[in-house]
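This report refers to the structure that appears directly beneath it.
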Amino acid sequence: MKNYSYFQMRAFLYPREEQQTAECKLYELESLWFCTQKSVKRKLKQFGEAGKLIYAPGKGRGNPSQIVFYKPFQQEIEDAVKQLVQRDQLEEVILLLQLPIPKTWIANVSQEIQSLFGIQSSGQPRDVLRTARTRELTTLDPLHTSITFETFIIYQLGDTLVTYNQEQDTVIPHIAHNWESDNEGKTWTFYLR
């Protein structure tokens with residue numbers, strides 16, 4: 001995300017922000033962005049040139065610098081999420097929403113976010129299913145999956161030939177309406193609906 005470091009700074013400074021103004025020392029931003037003081041100053045200058053803030057360095061050694069933001073942080077988050085949704089940039093939306101921001105802000109843009117998830121049908125010959133995940137998938141082979149999320153994805157991608165009815169303790173038809181096996185039970189034939 002192009003402006004992620006800007007949003008990191010806004011989230012970091014938000015608890016001490018008053019009337020869109022916050023004070024900080026450059027070493028705090030060095031730690032936040034894992035960079036040098038020179039890089040911090042360069043970033044602040046770029047944000048200023050982009051019309052996001054006014055940076056006033058602290059006078060004298062050890063005095064905090066002052067940063068004045070042009071827009072309220074909540075408005076910037078909402079605007080950014082809407083733009084990312086319009087551009088179909090799901091990963092950037094998730095990255096942005098992981099910042100330490102009040103979760104009530106997300107409610108104002110939740111419909112836009114929800115529009116990215118679920119099944120997306122278009123006039124094209126394929127449908128797309130989108131979901132958020134927090135870890136890598138290990139397998140989508142139904143025989144080898146043991147993780148609930150992978151099982152959920154498998155259920156979204158296809159159906160089983162038969163299902164198990166716990167109450168009756170029996171296997172019942174699903175896609176297959178009937179099935180049979182050879183005498184040794186090694187070869188099975190399923191008849192599909």
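Just so it is clear, none of the values below were taken in a lab; they were calculated from the coordinates. For clarity, every value in this text was computed on a predicted model and none was experimentally measured. FYI the Cβ positions are ideal-geometry reconstructions off the backbone, even for glycines, and counts take in every protein chain you see.
Once amide H atoms are placed 1.01 Å from N in the peptide plane, what residues at a sequence separation of 5 or more from Q89, or on another chain, have their amide H within under 5 Å of its amide H?
Hits under the 5 Å cutoff: none.
For T163, what residues show an amide H to amide H distance below 5 Å, using hydrogens built from the backbone and excluding near sequence neighbours?
I172, H174
Using θ = phi - 60° and the Karplus curve 6.51 cos²θ - 1.76 cosθ + 1.60, what whole-Hz ³J(HN,Hα) does each residue of region 88-105 get, with Gly and Pro shown as x?
Couplings: 6, 9, 4, 4, 5, 4, 5, 4, 5, 6, 7, 5, x, 10, x, 5, 5, 5 Hz.
Tabulate in residue order the Karplus-calculated ³J(HN,Hα) for region 2-18, using 6.51 cos²θ - 1.76 cosθ + 1.60 with θ = phi - 60°, rounded to whole Hz; enter x for Gly and Pro.
4, 9, 4, 5, 5, 5, 4, 5, 4, 5, 5, 7, 4, x, 9, 6, 10
Among A56, T104, Q46, whose Cα lies farthest out toward the positive end of the dipole of the chain, if unit charges sit on the beta carbon of Lys, Arg (+1) and Asp, Glu (-1)?
It is A56.
When only DSSP loop residues count, what chymotrypsin sites (Phe, Trp or Tyr not before Pro) in region 1-40 have their Cβ near at most 10 other Cβ atoms within 10 Å? Write down the numbers at each step before the final one.
Working: sites: Y4, Y6, F7, F12, Y27, W33, F34; in loops: F34.
Counting only loop positions with at most 10 other Cβ atoms within 10 Å, the chymotrypsin sites (Phe, Trp or Tyr not before Pro) in region 1-40 are F34.
Restrict the search to region 8-76; then list the trypsin sites (Lys or Arg not before Pro) that DSSP places in a loop and that have at most 16 other Cβ atoms within 10 Å of their Cβ. Mind dumping the intermediate values first?
Numbers: sites: R10, R16, K25, K38, K41, R42, K43, K45, K52, K59, R61; in loops: K25, K52, K59, R61.
In loop regions of region 8-76 (DSSP not H, G, I, E or B), the sparsely surrounded trypsin sites (Lys or Arg not before Pro) are K25, K59, R61.
Put +1 on the Cβ of each Lys and Arg and -1 on the Cβ of each Asp and Glu in the chain; which of S5, Y27, Q166 then has its Cα farthest toward the positive end of the dipole?
Going by the charge dipole, the pick is Y27.
Which distance in Å, rounded to a whole number, links the C-alpha centroids of region 31-84 and region 174-193?
Value for the Cα centre distance between the two parts: 66 Å.
Taking the chain as a Gaussian network, Cα atoms linked when under 10 Å apart, which of F149, F47, F73 shows the biggest mean-square fluctuation?
F149
To test your reading of the geometry: what angle, between 0 and 90 degrees and rounded to tens, separates the Cα axis of helix 37-49 from the longest principal axis of the chain?
In the chain, helix 37-49 runs at an angle near 90 degrees to the longest axis.
Using the Karplus equation 6.51 cos²θ - 1.76 cosθ + 1.60 (θ = phi - 60°), what ³J(HN,Hα) coupling, rounded to whole Hz, does each residue of region 181-187 give in order, writing x for Gly and Pro?
Result, ordered by residue: 10, 6, 4, 8, x, 9, 10 Hz.
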